[in-house]
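Read the structure below first, then the notes.
Quick note: the coordinates plus some simple rules give every number you see, no bench work behind them. Not measured: the values here are computed from a predicted model. So basically every Cβ, Gly included, is an ideal-geometry build from the backbone, and we count neighbours across all protein chains shown.
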Amino acid sequence: EPPLSANPNIRDLLCALWLLLALPALAQDIEAISSYTLNTGDHVQVTVFEEPDLSVSAVLDDTGAISYPLLGELRVRGLTARELETKITEGLRGRFLINPRVNVSIKEYRPYFVRGEVGSPGSFPFKPGLTVEKAVSMAGGFTSRASKSKFYITSDDSSAGEEQARRSATLGTRIRPGDVIEIEQSFF
């Protein structure tokens, strides 16, 4: 008798089940990316269609601003990519272009940091979908003295309007750009 995976109906059912299980995590990643707010160190790509002189690549400076042709210095910290598109579109419309078509994408996110009981503490390039477990792996794994259950994250989320808040985390906790992950020492 052929294996279950050879049966097209079973294979389709397994694929559908896998999609149903993966959709919540995918939806969470899409929501996090679309609501992501820009901050110092983020690298954005601004493209104005059919206007190559107005298309720029820029890194947000310490004040959370970028320099943009015709519009000068734009304060963009705390804006989403879509809000920055709107800001540039409105700035160009009428005075400089009739109907500007602007696209903003994040070329490179600001780094995250891992400190404490890991092999190689430091800063690392952020990629969407990172968890504490993956971040610790990129930082050389746990040291022999590391707690495998006591982790803290300090976020610099400017959109929340909060001061940096330290919260406890698990290995599966998703991290954001600019987060500082602290791995505590185990006492046993």
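A few points about this structure:
- Ranked by the mean number of other Cβ atoms within 10 Å per residue, highest first, peptides 42-51, 119-128 order as 42-51, 119-128.
- Amide proton proximity set for Val76, modelled H, under 5 Å, gap of 5+: Ala65, Ile66
- For the stretch 65-82, the residues whose backbone nitrogen is under 20 Å from a point 7 Å from the Cα of Arg93, taken along Cα to Cβ, are 68-72, 74-76, 79-82.
- In Å, descending, principal axis extents of the Cα set of the stretch 37-188: 67, 27, 23
- The listed peptides 65-72, 83-90, ordered by packing as a protection proxy, come out as 83-90, 65-72 (highest mean of other Cβ atoms within 10 Å first).
- Partners for Lys127 among lysines (Cα-Cα distance below 19 Å; same-chain residues under 8 apart left out): Lys107
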